[in-house]
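The values are calculated or read from the model by the stated rules, or taken from the named source; none is laboratory data. Because the structure is a prediction, the values reported are computed rather than measured. Note: ideal-geometry Cβ built from the backbone for every residue, glycine included; neighbour counts use all protein chains shown. To get the accessible areas, we keep the full protein, side chains included, count just its heavy atoms, and leave off ligands, DNA and RNA. Shrake-Rupley method; radii C 1.70, N 1.55, O 1.52, S 1.80 Å.
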Amino acid sequence: MTIEQQVAAHYGQKGLEANILAALTKAGKDVDHLSIDDLSALDEFHLGWRDQTARLATDAGFSVGTKVLDVGCGIGGPARYFADRHQCRVTGLDLTPEFISAARMLTQRCGLASKASFEVGSALAMPFAAGSFDAACLIHVGMNISDKPALFAEVRRVLRGGGYFAVYDVMVVGDAPLTYPMPWSETPAASFVASAVAYRQWLGESGFTMEAEHNRRDQVLEQVKIMRARAAAEGPPALGLHVIMGPQAKIRLQNVMAALEQGHIAPVEMILRAT
């Protein structure tokens, strides 16, 4: 089994669409007429959640009509946000067929199918012509890709000159070993977390210049503190990443939060421009 097959198998979940709809119904949502706010608690599969998606869009200058490529789009949460709030034309690409099927279903139910579309495919061999997009984003995806120079070169190929590339990945700080399973991998075998220093080098060599860089660890920890207090007062939420991650969600999230709190990893945002 290739690394990409391992990654797709890690994220794929039998009955994902039915599980999502059941959770939404239990939470009192009208599944035939959804909004992106109905979905935000379960489809923002990254540290920082909706708040970070909003920051990323603003920092990267997404605006009306911008053609955005969401690399490793998952079930489409950020893509739908960009389409709804910023009126972008978004294309999502992901290895996992179950994610793409769910993304299409939820986007249709949100009335956004004319603004956001989704395709199954590899970030290392994208099915798009050179210069197809005005902007691109990569949100918690690089941890699953060993050949990041090839990834960044492929993003540069499909991005027009001067276009923005917004990266938001989990990056290592220091050399402390991580405890698995993590949200992105059961074992170190399919985990390729790298440092911000390495990212800067690879991105520069691939034809990008850095416009801004932000370590979002403090903001995420503050959000986690608020979420824990709410859960303690009100009980666990019906909607959350456990719907997407399945039975292993608790231990995966415990491990990533421990590494974040101990300062072994940090979610880092990089805003770059294609030269």
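If I filter the stretch 1-26 down to residues being assigned to a loop (DSSP other than H, G, I, E, B) and more than 18 Å from D43 (Cα to Cα), which single residue comes out as least open to solvent (accessible area, probe 1.4 Å)?
The selected residue is T2.
Kindly indicate whether A103 is among the small types (G, A, S), over 21 Å from V158 (Cα atoms) and not in a loop (DSSP other than H, G, I, E, B).
Yes.
Restricting attention to the stretch 38-84, which residues are assigned to a loop (DSSP other than H, G, I, E, B), in contact with a Lys or Arg (Cβ under 7 Å, 6 or more places away or on another chain) and open to solvent by less than 10 Å² (accessible area, probe 1.4 Å)?
E44, G48
Considering the stretch 85-96 alone, what residues qualify as being under 26 Å from T2 (Cβ atoms), open to solvent by less than 10 Å² (accessible area, probe 1.4 Å) and aliphatic (A, V, I, L, M)?
L93
Sort out which residues of the stretch 230-253 are more than 21 Å from G77 (Cα to Cα) and at pLDDT 95 or above, and write them in order of number.
I251 - this is the single residue of the stretch 230-253 that is more than 21 Å from G77 (Cα to Cα) and at pLDDT 95 or above.
To keep it simple, each residue is scored yes or no on (1) in contact with a Leu (Cβ under 7 Å, 6 or more places away or on another chain); (2) modelled with pLDDT of 95 or more; (3) at negative phi.
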residue: L21; (1), (2), (3): no, yes, yes
residue: D30; (1), (2), (3): no, yes, yes
residue: S40; (1), (2), (3): no, no, yes
residue: E44; (1), (2), (3): no, no, yes
residue: W49; (1), (2), (3): no, yes, no
residue: Q52; (1), (2), (3): no, yes, yes
residue: L56; (1), (2), (3): no, yes, yes
residue: G72; (1), (2), (3): yes, yes, no
residue: I75; (1), (2), (3): yes, yes, yes
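Scan the stretch 106-124 for residues that are touching a helix residue (DSSP H, G or I) at 6+ places or on another chain (Cβ under 7 Å), in a loop (DSSP other than H, G, I, E, B) and closer than 19 Å to I3 by Cα and jot them down.
S122, A123, L124
In this structure, is A129 out of contact with any Asp or Glu (no Cβ under 8 Å at 6 or more places or on another chain), open to solvent by 20 Å² or more (accessible area, probe 1.4 Å) and modelled with pLDDT of 95 or more?
So A129 passes the test.
Please go through the stretch 144-164 and pick out each residue that is surrounded by fewer than 22 Cβ atoms within 10 Å (Cβ to Cβ) and aliphatic (A, V, I, L, M).
A150, A153, V158
Got a sec? Which of G142, G174 is within 24 Å of M257 (Cα to Cα) and modelled with pLDDT under 95?
G174
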